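Here's the structure, in structure tokens; my notes come after.
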Amino acid sequence: MFRGTSKAFATDAIALEVAQAIAAQPDQSSLWPNERLFAYMCLEHTEDLAIVKKSEDLMHTLALEVARDGRKISYKGQLRSWREHVECLESESIRVMTALY
């Protein structure tokens, strides 16, 4: 709706706060799998390596739960994407650290 404008990011802080509250819940089973995915994507898009790694762990847990329950959904593509994002951030982190020293 606001793609290409600053309004596209106007509620990022609120979305992150809600996503972190969801991620902090020990039992997230009251949410549908895709609701959890949506929350985890907010965490992934922070570009903060620690938060992105936490969201990747949450995605792994979700994927395992869905597979164990025999649901006909797969999060393989999302998991691959998350892994690539973590690797990209790790590479950038190494590059920055190397430049500092």
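Key figures for this structure:
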quantity	calculated
Estimated D of the chain in µm² per second, where Rh is the Kirkwood radius over Cα pairs and Stokes-Einstein applies at 4 °C, 1.567 mPa s	87 µm²/s
Order by protection proxy (mean Cβ within 10 Å, highest first), peptides 61-70, 39-48	39-48, 61-70
Residue-span extension gain [residue 47 to residue 30] - 0.36 nm each, minus C-alpha spacing	3.4 nm
Protection-proxy order for peptides 50-57, 22-29, each taking the mean of Cβ atoms within 10 Å per residue, highest first	50-57, 22-29
Cβ-placed point charges (K, R +1; D, E -1), dipole of the chain about Cα centre in debye, nearest 20	360 debye
Residue (of 96, 75, 18) at the positive-pole extreme of the chain, dipole from beta-carbon charges	75
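Taken together, the values in this text are just the output of simple stated rules run on the coordinates, not laboratory data. Model, not experiment: these values are computed from the prediction. Neighbour counts run over all protein chains shown; Cβ positions are idealised from the backbone, glycine included.
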